[in-house]
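Read the figures in this text as sums done on the coordinates, not as results from a lab. Owing to the predicted nature of the structure, the values given are computational and were not obtained by experimental measurement. We place every Cβ from the backbone using ideal geometry, glycine too, and count neighbours over all the protein chains shown.
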Amino acid sequence: MDAGLTLTSDMVIVLGLVVFTMAMFAVERIRADATALVVMVALGLTGLVPASQLFDGFSGNAVMAMIATMVLGAGLDRTGALNRLAVWLLRVSKGMEERLILLTSAVAGLISGFMQNASVMALFLPVTARVSGRTGIGLGRLLLPIGSAIVMGGGLTMVGNSPLMLLNDLLVAANRNLPPGVATLEPLPMFAPLPVGLLLLLICLAWYQRFGGRLLARIGGGDKGVAPSRTASYFAKAYGIDGDVFELTVTAESPLVGMSVGEAEAQRDAPLLLALLTGNESRVSPPADQMIWVGSVLGVMGRREAIQDYAQKNLLRMSARLRHFADLFNPSRSGISEAVIPPTSSFIGKTQHDLRLRKRFGISLLAVNRDNQVLRENIRRMPLKAGDMLVFHSIWTDLAHAGESRDFVVVTDYPKGEHRPHKLWWAIGVFVAAMALALTTLVPVPIALMAGAAAMMVAGVLNMDEAYAAISWKTVFLMACLIPLGWAMDSTGAAAWLAQGMLERLPAGVPVWVLQLVIASLATAFALVIGNVGATVVMVPMGINVAVAAGGSPLAFALIVALSASNNFLSVTNPVLAMISGPAGYTGRDLWRTGAPLTLIYLVITLLVVNVIF
């Protein structure tokens with residue numbers, strides 16, 4: 001690093017973009033992927049990243065590996081591999097809570113070493129719900145150990161989480177700006193972080209085995225959902241959604257004639273309107289703009305007394321039994337379900353009115369559970385947030401079709417749409433073969449993983465449309481658009497200037513491990529604000545420059561940053577925590593109480609093991 005490095009206008013622009021990114025991620029005025037796109041365009045317009053390189057992030061190894069792992073995970077899901085896993089876990093654990101938590105967490109942690117953390121959590125949510133429903137163990141006692149194990153297990157391989165996927169691309173880019181005499185940084189092999197990830201996972205499992213019972217009993221989620229089997233009694237207790245289904249026929253004198261479904265629902269004391277028959281057409285979850293006419297039949301849900309009062313007030317004829325909707329309301333065909341909004345969802349910031357769930361998907365939104373508060377009034381105009389738990393009523397096939405977009409993850413175990421259990425061993429074989437090919441180093445890891453994704457489609461496990469639907473394009477854009485920011489941090493000298501400023505403010509002769517502790521702490525703190533991808537992009541160039549100036553190992557510093565960027569057990573900026581907080585009823589205080597010790601353990605283990613390796 002040059003002595004007395006001065007701040008240039010290019011550095012100011014880059015640092016300004018970093019501040020802008022952090023601010024937008026924190027206040028959420030602009031979606032994270034849109035913020036990343038704005039930053040990338042700004043880098044191109046200012047010429048800080050050449051136009052010939054600006055879009056290289058979209059074809060980078062990290063993005064290709066991420067896409068491939070998403071497709072591979074979808075293949076396992078489509079064949080019902082995770083449902084079989086739930087049965088196996090129940091059989092092996094024999095219903096014993098401690099053994100069940102240990103086994104489920106261990107399996108989830110190991111799988112997360114080969115798939116994106118959020119994808120693993122999405123696959124395990126319905127598995128955990130099924131296990132919880134069959135054993136009576138609350139979701140709050142299951143999800144936090146499993147989520148923690150998934151975060152820890154992400155450090156097993158270089159494809160386990162987004163920061164590690166990004167790391168090799170950032171190392172290659174850093175070589176262009178290393179000072180003379182510094183050895184070229186070689187990309188890390190597939191299992192470079194294995195000792196760190198394995199020790200982290202083992203300690204996580206031991207931690208919850210030793211202290212889990214007491215910790216989980218003290219947090220809000222520990223006693224919630226004692227047996228969330230998703231029955232009528234569960235929804236009545238959790239959401240106040242109870243009663244039976246009735247048919248109401250609209251008479252010529254009824255004030256509902258000429259109203260839309262949305263207007264009828266907005267009436268005071270209106271019951272849940274679940275279905276509508278007009279003429280010969282009947283459907284569950286009728287759109288809000290569908291009209292009600294003389295002779296229309298409403299399928300409503302509520303207590304008999306309330307429905308009778310509503311029918312009398314609005315001159316409706318109440319049927320003693322289901323004459324028109326018996327087939328539609330058959331539990332094997334339709335019902336109530338719960339789904340959680342992941343951080344990558346395109347639903348975030350939009351209202352039910354914007355999404356038109358009933359018109360587009362045939363799904364009725366009945367309630368929203370946000371921060372342990374059940375909301376049922378005026379939810380049609382309420383913007384959705386990551387971690388919201390949504391209560392739906394729908395036909396199961398419509399729910400399965402809508403869920404393919406990955407905009408929500410259904411927690412309820414329900415009869416799925418088209419699955420291909422006969423392709424189970426094809427899916428497992430392709431997955432194992434792709435990972436084995438990646439281990440051989442005969443071909444680069446992204447090619448090995450993409451070969452597996454292609455094999456999934458050739459073998460008929462997935463079709464092309466299903467593969468497209470499995471990809472979280474928001475995550476892809478976020479990563480691809482932020483990669484040039486990391487390049488600009490390095491090429492403009494902004495990372496070197498920050499590293500120099502940090503070293504000048506520390507006492508002379510500070511041990512290298514202290515510098516690593518500072519860098520790791522900064523990466524962890526940044527991840528709480530701008531997410532793990534943003535923290536990695538900003539901190540890896542800075543970590544490398546600090547290592548060069550202090551005579552440390554640039555590879556060690558870079559790996560510490562990538563691992564520390566995933567050290568987030570405290571905030572829902574971690575996609576895994578965002579997905580489990582709603583279903584389990586965890587609060588921010590719960591996460592801090594259980595996550596603070598794990599954060600410190602993660603930090604210490606990472607520093608110790610990385611220094612032993614390097």
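Split the chain at each of the GluC sites (Glu not before Pro) in a DSSP loop with at most 13 other beta carbon atoms within 10 Å, and the longest piece is 29-252. Global size of the chain: 26.3, 90 Å for Rg and Dmax (C-alpha atoms, Rg to one decimal, Dmax whole).
Taking θ as phi - 60° and the Karplus parameters 6.51, -1.76 and 1.60, the scalar couplings of region 145-158 work out to x, 5, x, 5, 5, 5, 5, 5, x, x, x, 6, 9, 7 Hz in sequence order, x denoting glycine and proline. Taking packing as the residue-averaged number of other Cβ atoms within 10 angstrom, the listed peptides 440-452, 508-520, 195-207 run from highest to lowest as 195-207, 440-452, 508-520.
Only helices enter this figure: runs of n ≥ 4 DSSP H residues, each worth -39500 (n - 2.57), summed and divided by the residues of the chain, yield -18500 deg cm²/dmol at 222 nm to the nearest 500. To the nearest ten degrees, helix 162-174 and the longest principal axis of the Cα atoms of the chain are 30 degrees apart.
Looking at region 1-130, the pairs of alpha carbons with a distance over 21 Å make up 62% of the total. Along the axis of the charge dipole computed for region 334-410 (Cβ charges of +1 for Lys and Arg, -1 for Asp and Glu, origin at the Cα centre), the listed residues M382, P342, A400 are led at the positive end by M382. For the chain, the residue among V71, A549, A326 whose Cα projects farthest onto the positive side of the dipole built from Cβ charges is A326.
Taken about its Cα centre, the chain carries a charge dipole of roughly 1420 debye when the Cβ of each Lys and Arg holds +1 and the Cβ of each Asp and Glu holds -1.
Simple point charges give the picture: +1 on the Cβ of Lys and Arg, -1 on the Cβ of Asp and Glu, and for region 334-410 a dipole about the Cα centre of about 300 debye.
By its C-alpha gyration tensor, with a ≥ b ≥ c as the square roots of the eigenvalues, how is region 232-318 shaped: rounded for a/c under 1.5, else prolate for a/b larger than b/c, else oblate? It comes out prolate by the Cα gyration axes. Binning at 10 Å from 0, report for region 65-131 what percent of all alpha-carbon pair distances ends up in each bin. Bin by bin from 0 Å, the calculated values are 20, 55, 21, 3. Distance from the alpha carbon centroid of region 154-169 to that of region 461-508 works out to 12 angstrom. For the chain, lysine pairs with C-alpha atoms less than 23 angstrom apart, excluding pairs fewer than eight positions apart on the same chain, total 9. Over all distinct Cα-Cα pairs of region 334-410, the Kirkwood formula returns a hydrodynamic radius of 12.2 Å. As I understand it, the value is the acute angle between the Cα axis of helix 117-135 and the longest principal axis of the Cα atoms of the chain; what does it come to in degrees, rounded to 10? Helix 117-135 sits roughly 40 degrees off the main axis of the chain. Helix 512-550 and the longest principal axis of the C-alpha atoms of the chain enclose an angle of approximately 10°.
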